[in-house]
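Q: Take a look at the following structure, please.
A short reminder: the numbers here are calculations on the coordinates, not readings from a lab. What you see is a predicted model, and the numbers here were worked out from it, not measured in a lab. Cβ: placed from backbone, ideal geometry, glycine included. Neighbour counts: every protein chain shown.
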C-alpha cells in the first residue's frame, strides 16, 4: 500500500470540500495538517490533566509536568540528541532563532561577522541583522549557484577570523535545496564559528541525527511536523548552550532569586521562562509518535517520489518555470514554479477555485526572490498524505491556466 | 505617473508587475482620478474602486486593491 493510502484516513481535514472539489492541500511547508491522534491527545489533556507544570504539588500538576517533559524525551529521540538537557522547547522556529541570536548578540563585538545564505527565510535573516546592529557586527551571505545550490567555493573565502556565526537553512523553503550541513559545520567549526541550522523544512521530511550533522544549534517547529502551532524545538550542543546567557527572564528559569540578582536554573529550563505551551507539547509528542510509526525514511522516500513527479509534470507545461535543483535527491518536498504571464497570487487564487491550496508570494525570502529575478513564485509542498493523483490534478490545473492565456 | 495641469490631474498612468486584482485596481484608480483636483483625488476611497471593480474580493486580497490608492497618495503627497 502506498503511504498516502495508509495515512489519508488519519487526517480529518482531508474530508473538506473546497469550492465544490475535494481539498488538495499542497501547502504543508507553510503549515502541515494534523492527524487525529494529535487532536485527540490535546483534547484528552485539556479534559483530563490540565494544570500548570513543575511546581504544582497535586495530581493534575504532576500529570501535566510528566506529559510536558515527555515531549522533551520524544524530541530527544526523534533528533538523535545526546541528552534531554539539550532540548529547549520554544514557541517555534522563529522563536528559537531569535532566542539564539539574542543570546549570541551579547557576545558579539564590533567588526564581527555573521554569515547567512542568500536563500534564508526572513526568520533566519532578521534576528541576525538585529544582533549585528546591537554589536556593530556585519551580516554577509553565502551566494547560491544558478541551479539553486549553495556556492561552497564562495563560502570558504567568506569564512574568516571575524566570522562568529554561520546560520543557514537545512532545506530551502523555496528551492527545496538540501544543504551539506555536516560539511558547512566542519568548515565553520575549524574557523571558530558557531553554527545555527534552520531545520523547519527538514524536520518534517527526513530522519535527523544531531551528532552526524555536527551543528551547534538546530531549530524547528511543531506545526510543520504534523503537530500543533505555538511550540517548537531548539536543540543546542550542551557545552555551547551552557555558555549562553539567557536573555528572557521569568518564572521557572531560575533557582534562587534576590531583589538584585538571581541564580539561573539548569539546562534546559534556563531558557524556558514562564508557563510553557503544555497542551502543544502533548500534541508534539503525538505528532512525533505518528511520524515515527510511519517511519521517517519512508516519509522521505514518499516526498521524493511526489517531488520528482511534480517537477516532471510542471516542467512539461508550456510557460512554466520550475526553480531549484534539478535532481529530486538534492531537494526536500517543495516545488516552486511560475507560470509565464500570470502573477503568483493569481495562480494561487485560480488553483484555489479548483480546491487546490498552494502558497504564493515571496515566501518570506525576499533576498532569494531578488537572486531569482522574480517578484514571487507559486509553491507546492507535500506531506505524508499527498498522493500522485493530487500531483496530477495540480499539473492538469496548471496546464489549464497556462493554455487559457 | 500623474500629469497635472491647472491644478487638475490630466493623465494618470501606471507601470507594475502585479496580480490581476492589483492591476485592475490601478486601472480603475487611474481612470477615476483623471480630471480631479489634488484634494478630490486624495479623497478617492477604496469603496469607490470596489464599486467599479464589481468583484468578490476576499479580505486577504484587499491589500491588492488598496496598493494603487497608497501609491496615488504618495504621488500626490510628493506633488503638493
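Q: On a 0 to 90° scale, report how tilted helix B:20-33 is relative to the longest principal axis of chain B, with both axes built from alpha carbons and the result rounded to the nearest 10.
A: The angle comes out near 30 degrees.
Q: Continuing with this model, one more query. Based on other C-beta atoms within 10 Å, arrange A:343, A:54 from fewest to most.
A: With the fewest neighbours first, A:343, A:54 line up as A:54, A:343.
Q: Now, a different point. With 21 Å as the cut-off, how large is the P(r) tail for region B:10-76, expressed as percent of Cα-Cα pairs?
A: Looking at region B:10-76, the distances longer than 21 Å represent 16 percent of pairs.
Q: Let me ask another. Between residue A:5 and residue A:110, take the C-beta separation as r, use R0 = 51 Å, and let me know the FRET efficiency to the nearest 0.05.
A: 0.30
Q: Using Cα-Cα distances under 8 Å and only pairs 6 or more residues apart, what relative contact order does chain B have, in percent?
A: RCO, chain B: 32 percent.
Q: As a footprinting exposure proxy, order A:253, A:1 by other Cβ within 10 Å, with the fewest listed first.
A: Ranked by crowding around the Cβ, least crowded first: A:1, A:253.
Q: What's the percent breakdown of Cα-Cα distances in region A:22-116 across 10 Å bins, shortest bin first?
A: 12, 26, 34, 19, 8, 1
Q: Once you have the Cα-Cα distance between residue A:156 and residue A:275, take 0.36 nm times their residue separation minus that, and quote the gain in nm to one decimal.
A: Separation in residues times 0.36 nm, less the Cα-Cα distance, equals 38.6 nm.
Q: Still on this model: Report the label-to-label distance for residue A:145 and residue A:70 in nanometres (one decimal), using points 7 Å from each Cα along the Cα→Cβ vector.
A: 4.7
Q: Computed FRET efficiency, Cβ-Cβ of residue B:54 and residue A:16, R0 30 Å: what is it to the nearest 0.05?
A: Once rounded, the FRET efficiency stands at 0.55.
Q: Now, a different point. When N is the residue count of region A:39-292, what does its C-alpha Rg come to as a fraction of 2.2 N^0.38 Å?
A: That works out to 1.03 for region A:39-292.
Q: Treat region A:356-402 as a sphere of radius equal to its Kirkwood radius over Cα pairs and apply Stokes-Einstein at 37 °C in a medium of 0.692 mPa s; give the translational diffusion coefficient in µm²/s, rounded to a whole number.
A: The estimated diffusion coefficient comes to 269 µm²/s.
Q: If each residue of separation counts as 0.36 nm, what is the full-extension length gain between residue A:56 and residue A:238 once their alpha-carbon separation is subtracted?
A: Here the answer is 62.7 nm.
Q: Right, something else. Could you identify which residue out of B:58, B:36, B:13 has the top mean-square fluctuation in a GNM of chain B using Cα springs shorter than 10 Å?
A: Looking only at B:58, B:36, B:13, the biggest GNM fluctuation is shown by B:58.
Q: Give me the inter-chain shielding for A:335-346: mean count of other chain Cβ atoms within 10 Å, whole number please.
A: Mean shielding by partner chains, rounded to a whole number: 2.
Q: Continuing with the same structure: Between residue B:63 and residue A:255, what is the label-point separation in nm under the 7 Å Cα-to-beta-carbon projection?
A: Placing both labels 7 Å along Cα→Cβ, they lie 4.7 nm apart.
Q: Based on the mean of other beta carbon atoms within 10 Å per residue, what is the order of A:220-228, A:353-361, most packed first?
A: So the order, starting with the most tightly packed, is A:220-228, A:353-361.
Q: Right, next: What FRET efficiency do you get for residue A:293 and residue A:134 if R0 is 30 Å and r is their Cβ-Cβ distance, rounded to the nearest 0.05?
A: 0.10
Q: Tell me, what are the semi-axes, in whole angstrom and largest first, of the equivalent ellipsoid of the protein assembly as shown as set by the roots of 5 times the Cα gyration tensor eigenvalues?
A: Working from the Cα gyration tensor, I get semi-axes of 41, 29, 25 Å.
Q: Counting other C-beta atoms within 10 Å, which of A:205, A:122, A:58 has the fewest, and how do the rest follow?
A: Ascending number of Cβ neighbours within 10 Å: A:58, A:122, A:205.
Q: Relative contact order for chain A: what is it in percent, counting Cα pairs under 8 Å that are at least 6 residues apart?
A: Relative contact order, chain A: 23 percent.
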